[in-house]
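First the structure, in the form of structure tokens, and then the observations on it.
The values are calculated or read from the model by the stated rules, or taken from the named source; none is laboratory data. Keep in mind that what you see is a predicted model, and the values were worked out from it rather than measured. Please note: Cβ atoms are built from the backbone with ideal geometry, for glycine as well, and neighbour counts cover all protein chains shown.
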Amino acid sequence: MQFQNTLAFAQQLDAQDELRSYRNEFHFPKWEGKQVIYFTGNSLGLQPKLAQSYVDGIMNDWKELGVEGHFHSDKPWWDYHERLAAPLAKIVGAHAEEVSVMNTLSVNLHLLLVSFYRPTKTRFKILCEEKAFPSDQYLLQSQVRFHGLDPKEAIVEVKKREGEHFWRTEDILSKIEELGDGLALVLIGGVNYYNGQVFDMESITKAGKAAGAMVGWDLAHAAGNIALELHDWDVDFAAWCSYKYMNSGPGNASGVFINKKHLGKDDIPRFEGWWGTKKETRFLMKPVFEPMATADAWQISNPPVLALAPYLASLQLFEAVGMDALIAKRNQIVAYLEFILHGIAQEVKGSFEIITPKERGCQLSVLLHGHGRPLFDYLMQHGVLADWREPNVIRLAPVPFYCSYEDIFRFGQILKDGILLQND
Ligand SMILES: Cc1ncc(COP(=O)(O)O)c(C=O)c1O
């Protein structure tokens, strides 16, 4: 499609957008009384309007039923989390029994590493990307130390090439091959939080499995953003937070994927609690743990239903729209943003470059040259909520659920004015 940098063209794209009505399903924050341009759904997704009634429903059941809400409310609390598994399985490409929701992301990655990072004397290396999200770095280092190993020896980071802003798949594959029998685990962020790169999860998983390693993915920036086929790719485990593209609310619960082949096994180490034991006998309070036959075996505590309620509401929207439609719009709206950015970069030469490679989801990361935080502050003052990353990157994520082409056009005008003003 031949894009144009005009309001009329952007509005025409909006008029043709089959998902345009979904914008109205979300609450938009305001800045100085005006609705913002919200490009930071990769950090915190907007609140679905439906969420309030889901939370109110639980508050009301608690008020009316007290403890009986566990079993007699409209959506009983004791197995509330099970309602999220099937819709999430569609989003991440899994069987429903491979998915569960519990805790928060870093906690879940720790719990999954208890099961899937089992170093031996010879096979103990972990492969990850250079400058992974800090929490992932800390959790890998602490897991390695927990096993009495030295992070400097055990953790191998794949680096970007000199002068490049992205990782090359061939570099990751050849590092996996090089580590061979020494490789215990591959754990990478499926979509990099900084440059927005989508990793070739299928090829990397295949190579990791061929080397005899476990392969896991941190899908914080991937779930609800890109197409995932975790089961078919033979991924061992994955986890994601729900507050970014999944729109479940700040700090909310994390989803996990555990491949079917690891379910129902007696010999898998795991930290256990009463919500992972079989439902049928759970309240017999037996001293012996009998694991659920699903990923719920990793559940430790009873589910935080007040937190899961907005997540379930959001999943209802995903069910209605489907990932295919979201991805189709995402491709077009991100392409429009790129077109607008390229136009500005030509007009005000050398002011920035896009560092996100073609393998991308919703996010474009813009590396500023000569401009810094003041330009970002200018955007904020003019109603653009984007995301600043040190030292000089602005992350922009036009989420297909609720962003419009008009948002992109207007953002372009504000960005250009901001650059020109600061060049003066
Ligand atoms: C890639 C990635 N991994 C891990 C985390 C940590 O998530 P949490 O604080 O929910 O544990 C984040 C949070 O933004 C993230 O972006």
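Key figures
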read-out	value
Count - residues of the stretch 313-323 that are closer than 17 Å to Asp74 by Cα and surrounded by 21 or more Cβ atoms within 10 Å (Cβ to Cβ)	1
Close pairs (6 angstrom Cβ cut-off, 6 or more residues apart or separate chains): over 15 Å from Arg118 (Cα atoms) and of a type in the set (Ser, Thr, Tyr) in the stretch 208-220, within 16 Å of the ligand (Cβ to nearest atom) and assigned to a strand (DSSP E or B) anywhere	none
Within the stretch 319-424, strands (runs of 3 or more DSSP E) holding 3 or more residues that are within 21 Å of Ala220 (Cβ to Cβ) and at pLDDT 95 or above	364-368, 393-396
Hits in the stretch 220-262 - residues which are among the hydrophobic types (A, V, I, L, M, F, W, C), within 9 Å of the ligand (Cβ to nearest atom) and not in a loop (DSSP other than H, G, I, E, B)	Ala239, Trp240
Search result, residues across the stretch 332-372 that are surrounded by fewer than 20 Cβ atoms within 10 Å (Cβ to Cβ), in contact with a Pro (Cβ under 9 Å, 6 or more places away or on another chain) and farther than 25 Å from Leu420 by Cβ	Gln332
Candidate set from the stretch 25-35 (those that are of a type outside the set (Asp, Glu) and under 23 Å from the mean Cα position of the chain (by Cα)); member that is surrounded by the most Cβ atoms within 10 Å (Cβ to Cβ)	Phe26
Filter result (within 16 Å of the ligand (Cβ to nearest atom), among the aliphatic types (A, V, I, L, M) and free of Cβ contacts under 8 Å to residues at least 60 places away in the same chain) within the stretch 163-203	Met201
Test: residue in the stretch 88-98 that is within 14 Å of the ligand (Cβ to nearest atom), at pLDDT 95 or above, touching a Lys or Arg at 6+ places or on another chain (Cβ under 8 Å) and within 24 Å of Ala297 (Cα to Cα)	no
Members of the stretch 85-112 found to be among the polar types (S, T, N, Q) and in a helix (DSSP H, G or I), listed by number	Ser106, Asn108
In the stretch 45-73, the residues that are closer than 26 Å to Gly224 by Cβ and among the charged types (D, E, K, R)	Lys49, Asp56
Residue in the stretch 118-130 that is among the polar types (S, T, N, Q), at pLDDT 95 or above and crowded, with 18+ Cβ neighbours inside 10 Å present	no
Hits in the stretch 221-242 - residues which are of a type outside the set (A, V, I, L, M) and more than 30 Å from Phe39 (Cα to Cα)	His231, Asp232, Trp233, Asp234, Asp236
Pair list, Cβ < 6 Å and 6+ apart or interchain, from the stretch 404-417 residues that are under 18 Å from Gly41 (Cβ atoms) to residues that are in a helix (DSSP H, G or I) and small (Gly, Ala, Ser)	Tyr405/Ala10; Glu406/Ala10
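Quick grid of which residues meet (1) in contact with a His (Cβ under 9 Å, 6 or more places away or on another chain); (2) within 27 Å of Leu173 (Cβ to Cβ):
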| residue | (1), (2) |
| --- | --- |
| Lys90 | no, no |
| Ala94 | yes, yes |
| Tyr117 | yes, yes |
| Thr120 | no, yes |
| Lys125 | no, yes |
| Tyr138 | no, yes |
| Gln143 | yes, yes |
